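Beneath this line is the structure, given in structure tokens, with notes to follow.
The values are calculated or read from the model by the stated rules, or taken from the named source; none is laboratory data. It should be emphasised that the depicted structure is a prediction, and the values quoted were computed from it without experimental measurement. A quick note on method: Cβ atoms are made from the backbone with ideal geometry, for glycine too, and the neighbour counts reach across all protein chains shown. Quick note on the areas: whole protein, heavy atoms, side chains included, nothing else; ligands and nucleic acids left out. Shrake-Rupley method; radii C 1.70, N 1.55, O 1.52, S 1.80 Å.
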Amino acid sequence: MKNYLLFLLLIINYNSIAQISNEGLLVYYPFDNDVLDYGQNEQNGIMFGGSFGEDQDGNLNSALYLNGISDFIDLSSFGELYRDNLAQMTVFFK
């Protein structure tokens, strides 16, 4: 019974994560060794410091490392374009 319950919880958890929709996606930054917008709006970022490295799954150049002090990604072009609707947006990081 415990194994069945664990399996059921895993399936429910997986399905809840899979419910994130790409509908209405304004920008897409996969941080795949660059900070380019791979969505339709071409709102590219500018990287100041930081470096790309291995993510938790071992994929090279798929994680962005920032020092927490002076490293940052400038996404101001996105903010300026959509500033009137920022309060209605959701940001998702995986």
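Of all residues in the stretch 71-82, those that are within 16 Å of Leu36 (Cα to Cα) have Cβ atoms under 6 Å from Cβ atoms of residues that are open to solvent by 40 Å² or more (accessible area, probe 1.4 Å) and not polar (S, T, N, Q), 6 or more apart or on another chain, in Phe72/Phe48; Ile73/Met47; Asp74/Ile46. Filtering the stretch 46-82 to residues that are open to solvent by less than 70 Å² (accessible area, probe 1.4 Å) and on the phi > 0 side of the Ramachandran plot leaves Gly49, Gly50, Gly58, Asn61. Restricting the first member to the stretch 23-43 and to residues that are more than 16 Å from Ile73 (Cα to Cα), and the second to residues that are assigned to a loop (DSSP other than H, G, I, E, B) and of a type in the set (Ser, Thr, Tyr), the beta-carbon pairs closer than 8 Å and six or more apart or on different chains are Leu26/Tyr82; Gly39/Tyr28.
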